[in-house]
Amino acid sequence: MTRQSIQFDNLETIAIVGCGIIGRRIALFWALRNKKVAIFDINNDTALDARKWIHASFDKYKASNGHPVGEVNVAPTIEHASRGAWMVIECTPETVETKREVIGQIDKFSDPSAIITTNSSSIKSGDLVNYVSESSRGRVLNCHYFLPPEIPVVELMTCGSTTGHTLETLISALSAAGLHPITAKAQSTGLVGNRVWAAIKREVMMVLAEGVVNPEDIDTVFRLGFQTRLGPCEMMDQVGLHTVCDIEDHYLKERVYLPSYAVDFIRQNYVAKGHIGRTIGRGLYNYTELERSKGQPLRREELVGAWELAEYATSSLADPARKVYPLGDHLKGIIIYTLTGHTSVHLQLSGDLPIDTNRVPEGLPRDLTNTGMRSLSYSGPFSVREEDGRSIVQHHLTYSSLPSWQGTTQRRLAHVEKQGNAEFLVLGLEETTQFGGEEWRVMLRWRHLPNVSAS
C-alpha cells in the first residue's frame, strides 16, 4: 500500500492507555487534529485529570492549530478504550512487565487491523510482545513521541515482526498529522533520541550526586553554552524524575558497566520524598517557590520563541486591574525573539481591505499609504538588563516602518507570567501618562505560541 492510498481522514479514533505526562500530551495532539480520542488509566482519577488538562490546553493551541478539536472521552476499561480504534498507544510506566501485560490486553481487545504502539523510548517493542499472539505481532512497534504538541519528532522501531504495511500506514498517518517520523534501521535498547539524552541525564545525575553544582548552575551552563530554551534539569522535571529513574534502571540492567550511584541519589533524595517533577510542583526545582517569587530577573532565553498579541491596554498604576482598551480587540500582532539575539515585531489594526493591484498606478500608492498608517513593523538585535530591580528589554532597531524609530533603542519593562498552562510576556512603556488625576501605563500582553511543524 502506498502512502498516497492512505486516507488520513478515515483514521478516526485513537486510544491511549496511560494518562501520565506524555500520555495526556499525545491525546491532546490527536484531539487537536480533530480525532476522537479514548483515554484509559488504571487510576480513573488520573484519567479524569488528564481530560481536564487536555480541555484546559485547547485554548493555548487551537488558534495556531487550524483544525476543529476532537472529542476526548475517558474509557472505563482497556477493552472499551481499544474497541473501534485504528491505533492504540501504550503509555504506561517504563517497566517491562507492566508494558507486557498492557500490550497483551490491547491485543486481546483491539480490532485485528488496529496498530499497537508503545511509547517506550528505552525498551524494545520486541521485548514487550510476550503476551501478544504470533498472528498479531506484525501490528506492534515502538512509536516514541518526544513532547507533543510542541516537538513534532516521533521515532519508530519494529518489534522484529512488524509488517511493512503496518509501518507504512503509521508513517503516512503521522506525516499527514504534521509529525516527522524517523525509523530506526535496527532494533536498539533505547531509541536514538533517548540514547543521546540518556548520556546527558546520566552525567547530570552524577554531577548532582557528587555535589559539583546545583540544578540552576547546570541549566545555566547548558542554556547559554548550547543556546537551548530549557536546561537538562528543567527537562528532567518535565518528564518526571520517577520516569527518568525507571529508564536508567533499564539501561543499567543491560549495560552493567554503567555506575548506579547517580540514579540511587536521585531516587533517594527526590523521588522517595515525592519530589518527582513539574506536575506536582517540585522536582530538581521547587516550582511553587519559583512561581511565588516576585521581581526575579528576566533571563534573555526566556524570551526566545514567538508571541502573539493577546491584549493591548492602558493600566492604572494605582489599581492595575483597572484597564482601558483604546483600540478594543482590533490590534493584532506577533513578536519573535531568536536564540541569536534578534527580534522582529509586527503590529497591525484589523479591518484593512485587500489591495487592488488592478488600480495601479493611481490606486496602489493610496492603498499602501493606508496600510502603512495601520501597521508598524521593526527588527534588530535585543538585549535584557536589570535596572533598579526592574527587567528592561531593549529593542535596538536596525529597520523600522516608522522612519523616526530607525536606529533608536526602544525600551520596555518586561516580565513573564504563567496562567495555567499558558505563558505570557508582558511589555510596558517606561513612560506613564496622566489622565483623570491618575497615572496610567500602556501594557502589551503577548501569549507564547507553541512550536509548529512544516507540512
With respect to residue 80, is the statement that it is outside the structural domain of residue 235 (by TED's automatic domain parsing), in contact with a Leu (Cβ under 8 Å, 6 or more places away or on another chain) and not in a loop (DSSP other than H, G, I, E, B) true?
no
Any residue at all in the range 138-145 that's modelled with pLDDT under 95 and among the small types (Gly, Ala, Ser)?
no
Need pairs with beta-carbon distance below 8 Å; first residue free of Cβ contacts under 8 Å to residues at least 40 places away in the same chain and in the same structural domain as residue 83 (by TED's automatic domain parsing) and within the range 10-27, second in a helix (DSSP H, G or I) and among the small types (Gly, Ala, Ser); sequence gap 6+ or separate chains.
24/50
Given (1) in contact (Cβ under 8 Å) with a residue 60 or more places away in the chain; (2) more than 19 Å from residue 103 (Cα to Cα); (3) over 26 Å from the mean Cα position of the chain (by Cα), where does residue 209 come up short, assuming only one miss?
(1)
Does residue 190 satisfy being in contact with a Gly (Cβ under 7 Å, 6 or more places away or on another chain) and modelled with pLDDT under 95?
no
Which condition does residue 45 not pass, out of (1) within 22 Å of the chain's Cα centre (by Cα); (2) modelled with pLDDT under 95, if it passes all the others?
(1)
Take the range 392-402 and flag every residue that is modelled with pLDDT under 90 and crowded, with 17+ Cβ neighbours inside 10 Å.
none
On the basis of being modelled with pLDDT under 85, farther than 29 Å from residue 343 by Cβ and not in a strand (DSSP E or B), does residue 319 make the cut?
yes
Quick check on residue 258: is it touching an Asp or Glu at 6+ places or on another chain (Cβ under 9 Å), farther than 23 Å from residue 26 by Cα, outside the structural domain of residue 96 (by TED's automatic domain parsing) and not in a helix (DSSP H, G or I)?
yes
Cβ contacts < 7 Å: first residue not assigned by TED's automatic domain parsing to the domain that holds residue 348 and surrounded by 11 or more Cβ atoms within 10 Å (Cβ to Cβ), restricted to the range 305-333; second residue modelled with pLDDT of 85 or more and among the charged types (D, E, K, R), any location; separation 6+ or different chain. Result?
none
The number of residues in the range 159-200 that are within 14 Å of residue 141 (Cβ to Cβ), among the β-branched types (Val, Ile, Thr) and in contact (Cβ under 8 Å) with a residue 60 or more places away in the chain is 2
Filter the range 223-234 down to residues that are modelled with pLDDT under 90 and of a type in the set (A, V, I, L, M, F, W, C) and give me whichever is nearest to the chain's Cα centre (by Cα).
230
Among 237, 264, 219, 246, which is the only one that is part of a helix (DSSP H, G or I), in contact (Cβ under 8 Å) with a residue 60 or more places away in the chain and charged (D, E, K, R)?
246
For the range 268-279, name all the residues that are in contact with a helix residue (DSSP H, G or I) (Cβ under 9 Å, 6 or more places away or on another chain) and either polar (S, T, N, Q) or free of Cβ contacts under 8 Å to residues at least 24 places away in the same chain (or both).
269, 274, 279
Residues of the range 86-110 satisfying the condition of being in contact with a Gly (Cβ under 7 Å, 6 or more places away or on another chain) and charged (D, E, K, R)
90
Examine the range 403-415 for a residue that is part of a strand (DSSP E or B), under 24 Å from the mean Cα position of the chain (by Cα) and at pLDDT below 95, and state whether such a residue exists.
yes
Taking the range 375-390 and keeping residues among the polar types (S, T, N, Q) and at pLDDT 90 or above leaves 377, 379, 383
Residue check, residue 10 crowded, with 17+ Cβ neighbours inside 10 Å, at pLDDT below 95 and of a type outside the set (Gly, Ala, Ser):
no
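The values are calculated or read from the model by the stated rules, or taken from the named source; none is laboratory data. Note that the structure is a prediction, hence the values are computed from the model and not measured. In this analysis, Cβ positions are derived from the backbone assuming ideal geometry, glycine residues included, and neighbour counts consider all displayed protein chains.
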